[in-house]
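A quick write-up on the structure given underneath.
Just so it is clear, none of the values below were taken in a lab; they were calculated from the coordinates. What you see is a predicted model, and the numbers here were worked out from it, not measured in a lab. For neighbour counting, all protein chains shown are included, and Cβ atoms are generated from backbone atoms with ideal geometry for every residue, glycine included.
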Amino acid sequence: MNLIVGLGNPGKKYVSTRHNFGFVTVDKFAKERGLSWRYNLDWTAYYIKTDDFVLLKPVTFMNKSGVSVVAASRFFKIDKKDILIIHDEIDLPLGKIRISFDSLSAGHRGVDSIIQYLSGVEFGRLRLGIGKPARKGDAEKYVLREFTKEEEKKLQEVSKIATEALNSYLEDGIDMAMNRFN
């Protein structure tokens, strides 16, 4: 059993922001499979359970994502090596994706929270490139901005590739997915 976690922030204010790319990806994946979200108050998260995987959308705000991830992984008895975190990545250009395992957060606070609550980095990540801000110190503001109309066109393609990568991860495992999509 795998735990697939899309990261984002709850609320209408954040729906179309760069930081919610993880939510967008798991929502698209669930919709394509005809799956419906349920809410669990104990985990502060929306989830979908199938025979093969659990999808999770923590609604704790990005910086507390680890609370939901550890609660759901304990409930379903999922080892951290079987967890895949899907999130925005400022260090990748818009349109690029990377799959990694056992890597540090590179400053992503949602991933920092998950590392803290899982007590380690032994989990997979599907990193979705959102590009960098024009100025170095603008990262926090940048990730909370909406995509431009021009960027939104590219998002359709990126979202499709991210869904293919997620399917590859579930069907072939992290090593094969990393070979195919990196």
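Table for the structure above
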{"read-out": "Strands (runs of 3 or more DSSP E) enclosed by segment 79-182 - at least 3 residues per element that are in contact with a Lys or Arg (Cβ under 7 Å, 6 or more places away or on another chain)", "value": "83-89, 97-101"}
{"read-out": "Given (1) in contact (Cβ under 8 Å) with a residue 24 or more places away in the chain; (2) surrounded by fewer than 16 Cβ atoms within 10 Å (Cβ to Cβ); (3) among the small types (Gly, Ala, Ser), index of the condition residue 100 fails", "value": "(2)"}
{"read-out": "Tabulated pairs, segment 158-182, first in contact (Cβ under 8 Å) with a residue 12 or more places away in the chain, second of a type in the set (Lys, Arg) and outside any helix (DSSP H, G or I), C-beta under 7 angstrom, 6+ apart or interchain", "value": "182/98"}
{"read-out": "Residues being closer than 17 Å to residue 147 by Cα, more than 12 Å from the chain's Cα centre (by Cα) and among the hydroxyl-bearing types (Ser, Thr, Tyr) - total across segment 1-55", "value": "3"}
{"read-out": "In segment 72-93, residue farthest from residue 9 (Cα to Cα) [restricted to those that are crowded, with 22+ Cβ neighbours inside 10 Å and of a type in the set (A, V, I, L, M, F, W, C)]", "value": "83"}
{"read-out": "Selection status of residue 55, more than 17 Å from residue 118 (Cα to Cα) and surrounded by 14 or more Cβ atoms within 10 Å (Cβ to Cβ)", "value": "yes"}
{"read-out": "Matching residues in segment 60-78 - criterion: being aliphatic (A, V, I, L, M) and in a helix (DSSP H, G or I)", "value": "62, 67, 69, 70, 71, 72"}
{"read-out": "Subset of segment 91-125 [among the aliphatic types (A, V, I, L, M), within 19 Å of residue 61 (Cα to Cα) and touching a helix residue (DSSP H, G or I) at 6+ places or on another chain (Cβ under 6 Å)]", "value": "114, 118"}
{"read-out": "Identity of the residue in segment 1-14, touching a helix residue (DSSP H, G or I) at 6+ places or on another chain (Cβ under 8 Å) and either part of a helix (DSSP H, G or I) or not polar (S, T, N, Q) (or both), that ends up surrounded by the fewest Cβ atoms within 10 Å (Cβ to Cβ)", "value": "1"}
{"read-out": "Segment 21-48, subset assigned to a helix (DSSP H, G or I) and touching a helix residue (DSSP H, G or I) at 6+ places or on another chain (Cβ under 6 Å), residue nearest to residue 85 (Cα to Cα)", "value": "25"}
